[in-house]
1. Do we have residue 23 as touching a Gly at 6+ places or on another chain (Cβ under 8 Å), surrounded by 13 or more Cβ atoms within 10 Å (Cβ to Cβ), in a helix (DSSP H, G or I) and among the polar types (S, T, N, Q) here?
2. For residues that are more than 14 Å from the chain's Cα centre (by Cα) and loosely packed, with under 13 Cβ neighbours inside 10 Å, scanning just the stretch 51-65, find the one that is nearest to residue 21 (Cα to Cα).
3. Does the stretch 1-12 contain at least one residue that is part of a helix (DSSP H, G or I) and at pLDDT 85 or above?
4. When residue 42 is evaluated against the numbered criteria (1) in a loop (DSSP other than H, G, I, E, B); (2) surrounded by 10 or more Cβ atoms within 10 Å (Cβ to Cβ), which criterion, by number, is the only one it fails?
5. If the requirement is being among the hydrophobic types (A, V, I, L, M, F, W, C) and part of a helix (DSSP H, G or I), which of these qualifies: 62, 17?
6. So, in the stretch 75-87, of the ones that are assigned to a helix (DSSP H, G or I) and surrounded by 11 or more Cβ atoms within 10 Å (Cβ to Cβ), which residue ends up modelled with the highest pLDDT?
Amino acid sequence: MEHLDHEFATTWPLFDLDPRTRTLLAYTKKLTETPAAVADSDFDALRAGGWDEDGIYQATVLISFFNFSGRLEAASGLPMDSAELGEQLAKSL
């Protein structure tokens, strides 16, 4: 998938994505940017998009973990990940 790069985090709404993926990314954006605004309707949308309770829980845990680690890194003064670092990691795997 040619669109999977660092910019995809902000440009995903422009791509032709399946409803299940689109629903998850919308939830991810909301949980990341405005976590206090997450409501039952968001979980209803995930269920309607094909996510079950276990998938919703696992996604929430993973999204929350990455938000936590990113904020901890920022507060600790660690450098942010760069596109070059991601590319180096991908090549090493």
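The values are calculated or read from the model by the stated rules, or taken from the named source; none is laboratory data. These figures come from a predicted structure and were not determined experimentally. All Cβ positions, even for glycine, are placed from backbone atoms using ideal geometry, and neighbour counts span all protein chains on display.
1. yes
2. Result: 52.
3. yes
4. That leaves (1) as the condition not met.
5. Working: 17 fails: part of a helix (DSSP H, G or I).
After ruling out the rest, the residue left standing is 62.
6. Once the filter is applied, the top-ranked residue is 87.
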